[in-house]
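This report concerns only the one structure given below.
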Amino acid sequence: MKNHKIIKRIIICVLLLIFITSIGFNIYFLFFDKVCYLQNPEEIYTMEAGILRNNLEFTAGEDVEITYDLSREEYAVLITDYQIDKIAGTGTELEQALNLMNEFAPRLQHDSYYDNHIEVNALALLEFSLDKKVHGINCRAKAQILNEMCLALGIYSRKVWIMPNSGYDNDCHVVNEVWDTSLNKWVMLDITNNQYWVDEEGTPLSILEIRQKGAMQDFCTPVVPGENLNNLNKLKQAHLAEFLYIMKNMTYMEYCDSYSVGEAEMQYLLFPENLKTNYEYLISEEAVSGPPADFSESKTD
């Protein structure tokens, strides 16, 4: 009888141990296990890189001549009222643009659900949102502000939509590119995140260069103006969320045919040849890779 009670207690203890162990494993997998696919950034990047690699080549589009208006009356107001010439300084085009971005990015509250009810030009948007946390604006509006500031200072600048692959993904992003004479190329600026992108040597990158490197899984990373570039791998880890977000939105691009005060109605897609679109207006890769047409002419003269 005594042995029977001991065996019964042992069985109960074993069952309790199994039960407690089961609960422990469930808690671990729910809250502490970091191996799952959705929690593994490298797996997510592998997926994004594969999408870009499968759509690396673009459809042959029109050789559109994009124009840049550097002489609007409103630019004088931007310079006088917001001191953008003093903020930009006297460095290269990229250095001036980075100074502008670094100054105004933290002063513009972000709101993904902003309804675009303010007229899309820098003066109206600044009046509505600058230093007003209750008046957030989206990436499209922020990029418009930076674009007009750069144009006002004679810097060739454009606003570009970068787009995801999924038809179920309604979230895209809008960034800027500025033409830098010293680098002889376009460089992407993301005023929403106050970042630009560099390669393993610290060389600033264009949208298409970032896309190419992402597809081939070559090193590149976003950086904030003023950050020390001595340890780029560490910076990439620090900015991993933004890295993955931009890579998600690199399938195709949307460009205006002209850049000035306000937003042009005519827009062109730079679109992968492996994907289908019913959109009629497609631009060639060559049209967005080289320098602005009037910039080239002025240098020739």
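Points worth noting:
- Close pairs (8 angstrom Cβ cut-off, 6 or more residues apart or separate chains): closer than 24 Å to Tyr68 by Cα in the range 154-175, of a type in the set (Lys, Arg) and crowded, with 21+ Cβ neighbours inside 10 Å anywhere: Val174/Lys142; Val174/Lys159; Val175/Lys159
- If you go through the range 248-272 and pick out every residue that is open to solvent by 20 Å² or more (accessible area, probe 1.4 Å), in contact with a Pro (Cβ under 8 Å, 6 or more places away or on another chain) and not basic (Lys, Arg), you end up with 1.
- Residues located in the range 84-101, provided they are open to solvent by 60 Å² or more (accessible area, probe 1.4 Å) and either in contact with a Ser or Thr (Cβ under 8 Å, 6 or more places away or on another chain) or within 15 Å of Gln144 (Cα to Cα) (or both): none
- Counted residues, the range 163-192 - those being farther than 21 Å from Gly262 by Cβ, in contact with a strand residue (DSSP E or B) (Cβ under 7 Å, 6 or more places away or on another chain) and either hydroxyl-bearing (Ser, Thr, Tyr) or in a strand (DSSP E or B) (or both): 6
- Within the range 58-83, the set of residues being surrounded by 13 or more Cβ atoms within 10 Å (Cβ to Cβ) and of a type in the set (S, T, N, Q) comprises Thr59, Thr67.
- Pairs are defined by a Cβ separation below 8 Å, a sequence spacing of at least 6 or placement on different chains, a first member in the range 110-121 that is open to solvent by less than 80 Å² (accessible area, probe 1.4 Å), and a second member that is outside any loop (DSSP other than H, G, I, E, B) and among the polar types (S, T, N, Q); the pairs so defined are Ile118/Ser129; Val120/Gln144; Asn121/Gln144.
- Scope the range 168-219; condition polar (S, T, N, Q) and crowded, with 16+ Cβ neighbours inside 10 Å; matching residues: Asn176, Thr192, Asn193, Asn194, Gln195, Ser206, Gln212
- Residue count, the range 99-116 (criterion: of a type in the set (Phe, Trp, Tyr) and closer than 17 Å to Gln195 by Cβ): 1
- Enumerated helices (runs of 4 or more DSSP H) restricted to the range 72-127, each holding at least 1 residues that are over 19 Å from Leu189 (Cβ atoms): 74-82, 84-88
- Among the candidates Leu126, Leu183, residue that is at pLDDT 95 or above, over 25 Å from Val77 (Cβ atoms) and out of contact with any Lys or Arg (no Cβ under 9 Å at 6 or more places or on another chain): Leu183
- Cβ pairs under 7 Å, 6+ apart, first in the range 77-97 and on the phi > 0 side of the Ramachandran plot, second buried (at least 16 other Cβ atoms within 10 Å of the Cβ) and not in a loop (DSSP other than H, G, I, E, B): Gly89/Gln96; Gly89/Asn99
- Selection of first residues in the range 216-235 that are among the hydroxyl-bearing types (Ser, Thr, Tyr) and of second residues that are part of a loop (DSSP other than H, G, I, E, B) and modelled with pLDDT of 95 or more, restricted to Cβ pairs under 7 Å at least 6 apart or on distinct chains, gives the following pairs, ordered by first then second residue: Thr221/His239.
- Flag if Leu275 is open to solvent by less than 20 Å² (accessible area, probe 1.4 Å) and either in contact (Cβ under 8 Å) with a residue 24 or more places away in the chain or not small (Gly, Ala, Ser) (or both): no
The values are calculated or read from the model by the stated rules, or taken from the named source; none is laboratory data. This is a predicted model, so every value here is computed, not measured. Every residue, glycine as well, gets a Cβ built from its backbone with ideal geometry; the counts of neighbours run over all protein chains shown. These accessible areas exclude ligands, DNA and RNA; they are computed on the full protein's heavy atoms, side chains included. Shrake-Rupley method; radii C 1.70, N 1.55, O 1.52, S 1.80 Å.
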